[in-house]
Amino acid sequence: MAELALLDWRRRVAELYARIRANRDTDPLAAHDDWATTRDRLFSTHAETPLDDPAHAQPLVHAAYDPSFAWSVAVDTDVERQRYPVATSGDGGMDFVRFGRITLPIGTLDVFWLDAYGGGVFLPFRDATAGETTYGGGRYLLDTVKGADLGSTADGRLIVDFNFAYHPSCH
């Protein structure tokens with residue numbers, strides 16, 4: 001049954017990110033390797049893979065872990081809240097609400113709230129690789145609705161690590 005397979009996919013992703021949160025501070029290389037290996041296995045074997053032909057798919061491409069692309073950052077919530085309706089492939093759409101901004105040494109990103117049942121934090125980005133070596137629409141750093149969450153520090157700063165950026169998978 002598709003619903004139960006999707007439930008299993010989401011549980012496995014949530015379990016993966018729980019392991020990453022538990023291990024990233026002490027051994028980021030091992031946490032990244034776990035992330036890459038588990039994602040490869042899910043994409044190549046799981047019933048809910050977004051790949052059209054998983055049996056003949058190449059392994060997912062992951063760059064080597066680079067600690068210079070990882071930060072813990074405060075979310076600046078002193079921004080104008082702005083609602084962005086986004087069309088979806090299903091009926092209707094969903095709204096994202098910008099509620100904050102993070103400033104990194106490499107630039108500034110808006111932080112969104114998915115304004116749908118349950119809600120969640122969403123942190124997408126596009127960079128110079130979009131449409132060249134990565135998906136043209138951009139990639140995600142956080143999507144808490146789908147379990148992709150590296151966590152926060154004890155003082156509430158978001159963990160933002162571009163080594164764990166990923167393409168949308170429609171799951």
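Contact annotation: residue pairs with Cβ atoms under 7 Å, 6 or more positions apart or on different chains, pairing a residue in the range 24-48 that is part of a helix (DSSP H, G or I) with a partner that is open to solvent by 60 Å² or more (accessible area, probe 1.4 Å) and of a type in the set (D, E, K, R), are D34/R19; L42/R12. For the range 152-166, filtered to residues that are touching a Lys or Arg at 6+ places or on another chain (Cβ under 9 Å) and open to solvent by less than 10 Å² (accessible area, probe 1.4 Å), the residue that is farthest from A30 (Cα to Cα) is D161. Among the residues of the range 94-125, those identified as open to solvent by 50 Å² or more (accessible area, probe 1.4 Å) and within 15 Å of F69 (Cα to Cα) are T103, P105, I106, T108.
Residues in the range 78-93 that are part of a loop (DSSP other than H, G, I, E, B), of a type outside the set (K, R) and open to solvent by 30 Å² or more (accessible area, probe 1.4 Å): D78, E80, T88, S89, G90, D91, G92. When restricted to residues that are among the charged types (D, E, K, R) and either in contact with an Asp or Glu (Cβ under 8 Å, 6 or more places away or on another chain) or not in a loop (DSSP other than H, G, I, E, B) (or both), the range 55-77 contains 1.
Whenever a residue of the range 49-69 is in contact (Cβ under 8 Å) with a residue 40 or more places away in the chain, its partners that are part of a loop (DSSP other than H, G, I, E, B), lying with C-beta atoms within less than 6 angstrom and at least six residues away or across chains, give the pairs P50/S169; P50/C170.
The numbered conditions (1) farther than 30 Å from G107 by Cβ; (2) in contact with a helix residue (DSSP H, G or I) (Cβ under 7 Å, 6 or more places away or on another chain) are all true for Y65 except (1). On the given criteria, is D52 open to solvent by 80 Å² or more (accessible area, probe 1.4 Å), acidic (D, E) and part of a loop (DSSP other than H, G, I, E, B)? Yes.
The values are calculated or read from the model by the stated rules, or taken from the named source; none is laboratory data. This structure is a prediction, so every number in the text was calculated from the model and none was measured. Every residue, glycine among them, receives a Cβ derived from its backbone with ideal geometry; neighbour counts consider all protein chains shown. Heads up: the accessible areas ignore ligands, DNA and RNA and are worked out on the full protein's heavy atoms, side chains in. Shrake-Rupley method; radii C 1.70, N 1.55, O 1.52, S 1.80 Å.
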